[in-house]
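The values are calculated or read from the model by the stated rules, or taken from the named source; none is laboratory data. Computed from a predicted structure; not experimentally measured. Quick reminder, even Gly has a Cβ in these numbers, built from the backbone with ideal geometry, and neighbours come from all protein chains shown. Protein only, heavy atoms only, side chains kept; ligands, DNA and RNA dropped before computing areas. Shrake-Rupley method; radii C 1.70, N 1.55, O 1.52, S 1.80 Å.
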Amino acid sequence: LQNVFSKNLIKTKNKFLQGAKEHHLFFFSDRRMSLMSNLIHASGNLRNVMVKLDLPSTLQDCNFLAKSLQIYFLHDNYMLEGQYQLFKEIKEKGIFSSLYPLTADCLIPKIDSSTSINKMKYKKLALDDFYYLLGDPRFGVKTVKWNTVSDHARKIFLHWLAESDLNLFFKIIEETAVDDMWSYRKSFWQRYLPFITNTWVFFGKEAIKYVGRLTGTHMNYGQLGKGCLANQSVFAFKLGKFVFVEWSHNGKLRVWMEEDAPDVFGNRLLHKDSIVNSFPLQEWIHAGKNTNHWQNNVSWWISQNCNLR
């Protein structure tokens, strides 16, 4: 076909064949994939690509464009803003869903390493978009959609989730605080954020009212049940081989070996007795916050047991 079109061996009034003749290098040459990738980059959106190549709308989700988009997203030198706009277009049109893991693999590390002033905007967008499209990579049936995403991209996304959960936990506490203890806990746990590998947050009936207003995302959280106060919140997280459960107020900090810990991650409902009656390895009350009393005790225990690097 490339030979036929390049040598002008076909005469036709068919609009599609005339378009193929005019743009034969994009379809049949050895450079077709790189040419298509550059065209997508220059065009800014798929609609302009379709018009440029005289392609009918029935081909907007064809395999040729899917392969072209794959090459485009794998290109390191294209700007994040343009690539995310293309991803947004295919997401909104509901086409090329098979490319979602690949776009996650490409866009998540690019966002994380970005020095753009828009980094936080794209980080928030990607956190919500890929959580919605691929599911929660920590647990659940949708986790399988993350199987083709690289470990590197997945670890970045897990870190984003941990950061989001931690920030939300303390933001809700700030909204519902009965004392100023939350600020000391926030300052303490933020230091360990790079080492946290799994998280889940629970909110009481009053606290959860603030969640939708503050987040506006697709992400899910658990709810506190029997024995818990309506304005309490709980932050569960994993450090090393240990599971910690931290309460917003009127509750101790507790830690278990991972295999002995209560079932918290991904759980939709948490009753207080499932925590207080589950024999933790260690527990601390938040006394002496101004003198770093509890902070020093917990920090020492972590340094002795969690093997953080």
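Taking all protein chains together, D165, D273 sort by accessible area into D273, D165, largest first [probe 1.4 Å]. Straight-line reach from K171: taking Cα to Cα under 17 Å and skipping same-chain neighbours fewer than 8 places apart, the aspartates and glutamates in range are E163, D179, D180, E206, E246. Measuring between alpha carbons in the structure, the pairs from K67/K91; K88/K121; K123/K238 lying more than 20 angstrom apart are K123/K238. Quick check on the range 41-155: take the gyration tensor over C-alpha atoms, sort the square-rooted eigenvalues as a ≥ b ≥ c, and tell me if it's rounded (a/c under 1.5), prolate or oblate. Oblate, since a/c reaches 1.5 and b/c is not below a/b. The range 122-166 to the range 286-309: how many Å between their Cα centroids? If you average the Cα positions of each part, the centres end up 30 Å apart. Taking 18 Å as the straight-line reach from the Cα of K272, the lysines in range (excluding those fewer than 8 positions away in the same chain) are K205, K226, K252. Temperature 4 °C, viscosity 1.567 mPa s: under these conditions the Stokes-Einstein estimate for the chain, based on its Kirkwood radius over C-alpha pairs, is 58 µm² per second. Loop-located chymotrypsin sites (Phe, Trp or Tyr not before Pro) across the range 106-163 with a Cβ neighbour count of 16 or fewer within 10 Å are F139, with loop assigned by DSSP. Pairs of Cα atoms nearer than 8 Å and 6+ residues apart set the relative contact order; for the range 1-144 it is 16 percent. Highest mean packing first, where packing is the average number of other Cβ atoms within 10 Å per residue, the peptides 246-256, 290-300, 185-195 line up as 246-256, 185-195, 290-300. Straight-line cross-link reach from K13 at under 23 Å between alpha-carbon atoms covers these lysines, not counting any fewer than eight positions away in the same chain: K21, K52. Each Cα pair under 8 Å and six or more residues apart adds its sequence gap; the mean of these over the residue count of the range 80-179 is a relative contact order of 27 percent. Can you list the trypsin sites (Lys or Arg not before Pro) in the range 28-133 that are in a DSSP coil and have 14 or fewer other beta carbons within 10 angstrom? Those that pass, being in a loop and sparsely packed, are R31.
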